[in-house]
Amino acid sequence: MEKYGVIFGKNYELSLIELKAFSRRFRLGIRILEEHPGSPNASYVIIKAKRDIEKYFRFIGGSIKLVRIVGEGLEAVKYLEYARLFTVSLYGREDWRLWRKLGSMVKKVFKEKDSTKFFKPAKVYAMPSELILKGFPETKDVVFFFGNGEVLVGETVKITNPFELKKLDVEKPVVRPTISIPPRLARIMVNLSEVRRGNVLDPFCGTGTIIMELLLQGLTAYGSDISEERIRDTGRNVDWLRKEFRVKHSASLRVCDVRRLKKCFRTRFDAIITEPYMGKALKTKPTRSEATKIARELDRLYYQAFESFADVLKRNARVIFVFPAFNLAEGGIYRRNRPWLDELGFEVIASVLDRDGKHKIVRDIHVIRKK
């Protein structure tokens with residue numbers, strides 16, 4: 001077992017739930033030693049995990065960097081591998097003078113072996129992934145964690161590729177932001193399912209963002225939608241994915257009403273991962289009574305969808321389902337309880353909001369198990 005730091009993205013709670021599911025999915029034995037919620041893009045956890053985490057880290061969506069810890073205390077810089085070009089990232093502290101001081105310390109250690117240069121982007125306490133990957137791919141990112149009264153020293157060993165995610169988002173042939181989810185969220189949802197191999201269905205496939213992520217991860221992907229146009233959209237995007245990312249397999253796509261899945265598929269699924277129809281676009285934030293009415297009307301569709309899910313899922317299979325929550329005009333968020341899930345034979349394992357105060361509708365991501 002190795003000691004690592006994992007730098008999270010914007011949503012700490014969602015990233016933490018994903019990391020735990022990711023550990024179970026790939027049998028990484030992750031044990032969380034410290035939690036540091038911090039601020040967006042500066043929150044992190046310290047963990048112990050099998051070294052296989054470095055191999056699978058590219059499949060994670062809610063984390064940005066994987067840092068291998070080399071030691072505790074500032075003197076641990078002597079254990080870092082030499083690099084001709086390096087930068088320094090601080091987490092748990094924002095201090096420009098300290099940042100430069102630590103950079104000078106690392107440079108002094110590296111110069112004992114050969115010439116080296118400290119790359120200093122202006123006023124950046126933590127080196128962005130984009131900069132490392134695009135402009136300085138040979139730069140070593142030396143990381144200092146300040147937390148719980150100790151300093152941990154490490155070096156970044158893996159980074160999730162923001163350029164790959166951007167390409168999946170905006171360069172595919174069919175881009176419809178109003179009905180699509182971000183590729184990073186699709187990746188998170190696949191991990192929450194904990195499916196490592198098997199048949200996975202997205203019954204509201206839209207333009208195919210989840211389908212594409214399933215194919216990228218080597219899973220057997222099935223997609224359906226009540227709209228013929230959406231199925232054509234998904235087909236075009238899947239064809240593009242296979243060409244651009246050299247994916248060998250394709251997806252099985254059907255025009256199908258979500259309430260009639262048993263008639264469309266003879267397959268029994270290991271998981272269902274989907275964002276359904278979330279209602280009409282809202283011009284203003286709703287009141288509590290308006291949000292309650294919208295959610296109640298949508299639940300008619302969702303109830304029938306879960307009745308249909310029960311027909312095609314294997315026992316103990318997971319459903320990763322996005323219910324709508326609402327930012328209210330009077331403040332706060334409306335989230336609806338759904339006791340009918342238990343009546344239909346499903347158990348809610350976890351739920352977390354994909355928070356965004358600007359949006360009127362908020363994603364309420366549920367991890368659900370078929371009993």
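The values are calculated or read from the model by the stated rules, or taken from the named source; none is laboratory data. What you are looking at is a predicted structure, and each value in this text was computed from that prediction instead of being measured. Note: ideal-geometry Cβ built from the backbone for every residue, glycine included; neighbour counts use all protein chains shown. In case anyone asks, the SASA skips ligands and DNA or RNA and just uses the protein heavy atoms, side chains included. Shrake-Rupley method; radii C 1.70, N 1.55, O 1.52, S 1.80 Å.
The residues of the range 1-89 have, on average, 42 Å² of accessible surface per residue, using a 1.4 Å probe with all protein chains present. Rounded to the nearest 500, the helix-only mean residue ellipticity at 222 nm of the chain stands at -9500 deg cm²/dmol, with each DSSP H run of n ≥ 4 adding -39,500 (n - 2.57). Measuring from each cysteine beta-carbon in the chain, the ones with no other cysteine beta-carbon under 4.7 angstrom are CYS205. The mean sequence separation of alpha-carbon pairs under 8 Å and at least six residues apart, normalised by the residue count of the chain, gives a relative contact order of 13 percent. Remark: relative contact order (the range 228-341) = 32 percent; criterion is Cα-Cα distance under 8 angstrom and separation of 6 or more residues. Give me the angle, in degrees from 0 to 90, between the Cα long axis of helix 183-193 and the longest principal axis of the Cα atoms of the chain, rounded to the nearest 10. That works out to roughly 80 degrees. Here each label is just a point 7 Å from Cα along the line to Cβ, and for ASN337 and HIS359 those points are 2.5 nm apart. Annotation: for a label point projected 7 angstrom from Cα along Cα→Cβ of LEU282, residues of the range 324-342 with backbone N closer than 19 Å are 324-338.
Classify the chain: rounded, prolate or oblate, from the alpha-carbon gyration tensor (a ≥ b ≥ c, eigenvalue square roots; a/c under 1.5 rounded; otherwise prolate if a/b is larger than b/c)? Prolate, since a/c reaches 1.5 and a/b exceeds b/c. If a spin label sat at a point 7 angstrom from the Cα of LYS134 along the line to its beta carbon, the backbone N atoms of the range 160-179 nearer than 20 Å would be those of 160-172.
Rounded, prolate or oblate for the range 292-336? Axes are the square roots of the Cα gyration tensor eigenvalues, ordered a ≥ b ≥ c, and the cut-off for rounded is a/c under 1.5. Oblate, because a/c is 1.5 or more while a/b does not exceed b/c.
Short-range pairs are left out: with C-alpha atoms under 8 Å and at least six residues apart, the relative contact order of the range 1-132 is 25 percent. Taken along the Cα-to-beta-carbon direction at a fixed 7 Å, the label points for LEU301 and LYS55 span 4.2 nm.
Which of these, SER43, SER115, SER308, has the largest mean-square fluctuation under a Gaussian network model of the chain (Cα springs below 10 Å)? Taking springs between Cα atoms under 10 Å, the residue moving most is SER115. With θ taken as phi - 60° and the Karplus curve 6.51 cos²θ - 1.76 cosθ + 1.60 applied, the whole-hertz 3J(HN,Hα) list for the range 327-337 is 6, 8, 4, 8, x, x, 10, 9, 10, 9, 7 Hz, x standing for glycine and proline. Here the Gaussian network model covers the chain, with springs between Cα atoms less than 10 Å apart; of GLU75, GLU130, GLU343, GLU343 fluctuates the most. Using 18 Å as the cut-off for backbone N distance, which residues of the range 323-348 belong to the label zone defined by a point 7 Å from the Cα of ILE226 along Cα→Cβ? Label zone hits: 323-324. Between ASP95 and LYS107, the contour length at 0.36 nm per residue exceeds the alpha carbon distance by 2.5 nm.
Relative to the current alpha-carbon distance between ILE32 and ASP257, full extension at 0.36 nm per residue lengthens the span by 76.8 nm. Checking the a/c ratio against 1.5 first, then a/b against b/c, what shape does the Cα gyration tensor give for the range 22-77? Verdict is oblate for the range 22-77. Backbone amide hydrogens, once placed in the peptide plane, bring ILE349 within less than 5 Å of VAL367, ILE368, ARG369, excluding anything fewer than 5 places away on its chain. Of the solvent-accessible surface of the range 303-371, computed with a 1.4 Å probe and all protein chains present, 41% belongs to carbon and sulfur.
Packing, as the average of other Cβ atoms within 10 Å across residues, places the peptides 319-326, 24-31 in the order 319-326, 24-31, highest first.
Accessible area per residue for the range 130-287 is 48 Å², calculated with a 1.4 Å probe on protein heavy atoms, without ligands, DNA or RNA. Reducing the range 66-102 and the range 252-295 to their Cα centroids gives an inter-centroid distance of 47 Å.
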